[in-house]
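**Q** After the structure tokens below, expect a handful of questions from me.
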Amino acid sequence: MSCIIKLFLCALTLAIITRTNGNTNRANISPNHINTLLSELQSQLLDPILFWNLVTLQACANDYDTSIVSTPDQVGPATTTRAFAIIHGAMFNSMNSFVQSYEQVAGSSGVSTTNAVSKRCGMTAAILEAAYQTLSSLYPKQRPIFDAAYRLHLDQTKNCTQAQTEISMGLTVGHLTASFILENRASDGSNSNDYYTSLMLPGYHQPDPTQTNQGYIGAHW
């Protein structure tokens, strides 16, 4: 069994485990929220990056909609920006594994040899898998929405001529790329809860007098 087939089987197993477990933090998503997004995705001719960027933007809006999730998964602009950077970084690295024209984000995930793969179908599959995995990790409460978008995009991708091998390879590349970037960013200090005391001096942040209990986010990043 070749190394790349072993990588594919490993990634496929991880994907199945991820999609069948990890239900403990899901919100009770209304079918209307899912159908509205799917209708918007289907009404436009979107390349894979723009497809999942639209899903990401909606995930951000949903994260602050208490009718969808009780509390945000990404609190505040700093954590939201970090989440967007991870999602788009994973999509970029997945694309670049096929194009091989640019410097990879956060180093190499070790999946850049794809010469035997049809670039268009494989690259699309890699992008959708990378986006899905990072979104599911960063916005776990909205997983049912991402599941529906994933199924829609994968069905669209399967329209590629002679696509099955290319799609399978692309899904492997996307899954491994997402795992690499999520692991790479796990120790970036974003989860630090160290206490921060404001310095009441000129040039330093001053608490909002109308929101005295607001607190601080990302002070030690």
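**Q** Look at Ala85 and say whether it is at pLDDT 95 or above and of a type in the set (A, V, I, L, M).
**A** Judged against the criteria, Ala85 is a match.
**Q** For the stretch 210-221, indicate whether the set of residues that are among the hydrophobic types (A, V, I, L, M, F, W, C) and at pLDDT 85 or above is non-empty.
**A** no
**Q** Follow-up question, since we're still on this one. Within the stretch 184-207, can you find the residues that are among the hydroxyl-bearing types (Ser, Thr, Tyr), free of Cβ contacts under 8 Å to residues at least 40 places away in the same chain and closer than 21 Å to Val75 by Cα?
**A** Within the stretch 184-207, Ser187, Ser192, Tyr195, Tyr196, Thr197, Ser198 qualify.
**Q** Another question, then. Collect the residues in the stretch 175-221 that are part of a loop (DSSP other than H, G, I, E, B) and among the β-branched types (Val, Ile, Thr), keeping them in residue-number order.
**A** Once the filter is applied, which keeps residues that are part of a loop (DSSP other than H, G, I, E, B) and among the β-branched types (Val, Ile, Thr), the stretch 175-221 yields Thr197, Thr210, Thr212, Ile217.
**Q** Do you know which of the residues in the stretch 138-174 that are without any contact (Cβ under 8 Å) to a residue 60 or more places away in the chain and under 14 Å from Val55 (Cα atoms) is surrounded by the fewest Cβ atoms within 10 Å (Cβ to Cβ)?
**A** Arg151
**Q** Right, next: Return yes when Thr124 is under 30 Å from Ser30 (Cα atoms), hydroxyl-bearing (Ser, Thr, Tyr) and either modelled with pLDDT under 85 or assigned to a helix (DSSP H, G or I) (or both) and no when it is not.
**A** It is true that Thr124 is under 30 Å from Ser30 (Cα atoms), hydroxyl-bearing (Ser, Thr, Tyr) and either modelled with pLDDT under 85 or assigned to a helix (DSSP H, G or I) (or both).
The values are calculated or read from the model by the stated rules, or taken from the named source; none is laboratory data. Model, not experiment: these values are computed from the prediction. We place every Cβ from the backbone using ideal geometry, glycine too, and count neighbours over all the protein chains shown.
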